[in-house]
Amino acid sequence: MSDPFQLNDDQLAIQDMARGFTAQAITPHAARWDAEHHYPIEVWKEAGALGLGSIYVSPEGGGSGLGRLEAALVMEAMAYGCPATSAFVSIHNMGAWMVDSFGSEDLKARWLPSLVTMEAIASYCLTEPGSGSDAAALVSTARRDGDDYILNGTKQFISGAGYNDLYLVMARTGEAGPRGISCFAVEKDMKGLSFGKQEEKLGWHASPTAPVVLEDVRVPAANRLGDEGQGFRIAMAGLDGGRLNIGACSLGGAQRCLDEAIGYAKERKQFGQPIAAFQNTQFRIADMATDLEAARALLYLAAAKVTAGAPDKTRFAAMAKRLASDSGSTIVDAALQLFGGYGYLRDYPIERFWRDLRVHRILEGTNEVMRMIIARDLLA
């Protein structure tokens, strides 16, 4: 983004590619996936062939080596069809980047080729039943035993649990607090790894969610990412990008609902004229579009800061995620109101986006935590 107000030619090409893939492989099927609670694994290989499983994995690791703005463009485009699917691709990219950036040469050799193509899918495992926003209070343990670690504990709300192939697990190897946490790549076929009941969620029906249970799981030391005690820093580094991507998913979902609302307002007639002719409708659509563009501008700026490693990157990632997810939910709700009773029906896509975007204000750090991060940085 050499001009801060205009995407460059490469970024526009990436955006067009992601939009085309979404229109062909996601949008026509998203309502069915939601209704049937179908996890579209069959789409992943197509996405991987386009490089969408390794957007910011380094070229040396077989990835595209792109920045966080390019990733946000992809997530925004895919969320136009299905926010749940787009958000899951974001989680996989975060996992693949963590392996590439912090994994041992042995781990990268064994896993990166299949992660890059999305033949194998990664999950991110930080949250526990007793530690959500206070993530550094996690109690899962990893005890050294020769050349291995023995992992015990439970992870909660894990996307892809039971379906995916590699689980990046934060566990305690030392003292209380963030400095005692390490990160491990746990493979699906490791003895002692199991999965709880699939959660019945308000939205994100196309993305399965369940607890990950670790009972004396023996993990080779070569599967540790980074050094002992670096796990929390690794987890937080992943979250800067994850927050941008979730914000981008909110932008994509909000754009879809704004477009649907504009089309509906032109066609729906009441009192002898299209409802688009009423000033109330015009004002509402104007506010929706303005709020969307403001959130988009902040998110693109934050993405550039994260890519550049700017000192204030974490604050800007939190600001962008907070604004985009709050604005996205508000815009989708306004679209549903414009549709009236029809917006509440599954015959139209609005209610699905309303359900799917609601969780964006909770995951990757609640928006209350985003405000804490912003204020703490400003007041330091």
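The values are calculated or read from the model by the stated rules, or taken from the named source; none is laboratory data. Source: prediction; values computed, not measured. Ideal geometry is used to build each Cβ from the backbone, glycine not excepted, and the neighbour counts take in all protein chains shown. Heavy atoms of the whole protein, side chains included, go into the accessibility calculation; ligands, DNA and RNA do not. Shrake-Rupley method; radii C 1.70, N 1.55, O 1.52, S 1.80 Å.
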Note: among GLU42, GLU60, just one is open to solvent by 70 Å² or more (accessible area, probe 1.4 Å), modelled with pLDDT of 95 or more, in a helix (DSSP H, G or I) and over 19 Å from ARG296 (Cα atoms), namely GLU60
Subset of region 337-364, residues touching a Ser or Thr at 6+ places or on another chain (Cβ under 7 Å) and either of a type outside the set (A, V, I, L, M, F, W, C) or open to solvent by 90 Å² or more (accessible area, probe 1.4 Å) (or both), comes to ARG358, HIS360, ARG361
Selection from region 267-292 of residues surrounded by 13 or more Cβ atoms within 10 Å (Cβ to Cβ) and in a helix (DSSP H, G or I) yields ILE275, ALA276, ALA277, THR281, GLN282, ARG284, ILE285, ASP287, MET288, ALA289, ASP291, LEU292
Output for Cβ contacts, cut-off 9 Å, separation at least six or different chains, first residue acidic (Asp, Glu) in region 258-270, second open to solvent by 60 Å² or more (accessible area, probe 1.4 Å), reads ASP259/TYR80; GLU260/TYR348
Filter region 293-326 for residues that are part of a helix (DSSP H, G or I) and of a type in the set (D, E, K, R); the one that is surrounded by the most Cβ atoms within 10 Å (Cβ to Cβ) is LYS321
Restricting region 2-27 to residues that are in contact (Cβ under 8 Å) with a residue 40 or more places away in the chain and assigned to a loop (DSSP other than H, G, I, E, B), the one surrounded by the fewest Cβ atoms within 10 Å (Cβ to Cβ) turns out to be PRO4
Counting only residues that are closer than 30 Å to ILE350 by Cβ, open to solvent by 20 Å² or more (accessible area, probe 1.4 Å) and assigned to a loop (DSSP other than H, G, I, E, B), region 66-88 contains a total of 1
Counting only residues that are open to solvent by less than 10 Å² (accessible area, probe 1.4 Å) and either within 17 Å of PHE195 (Cα to Cα) or assigned to a helix (DSSP H, G or I) (or both), region 145-164 contains a total of 6
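Let's see how each residue does on (1) free of Cβ contacts under 8 Å to residues at least 60 places away in the same chain; (2) surrounded by 23 or more Cβ atoms within 10 Å (Cβ to Cβ); (3) under 17 Å from the mean Cα position of the chain (by Cα); (4) in a loop (DSSP other than H, G, I, E, B):
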position: GLY48; (1), (2), (3), (4): no, no, yes, no
position: SER90; (1), (2), (3), (4): no, yes, yes, no
position: TRP97; (1), (2), (3), (4): no, yes, yes, no
position: LYS108; (1), (2), (3), (4): yes, no, no, no
position: ARG143; (1), (2), (3), (4): yes, no, no, no
Every listed condition ((1) loosely packed, with under 15 Cβ neighbours inside 10 Å; (2) modelled with pLDDT of 95 or more) holds for ASP34 save (1)
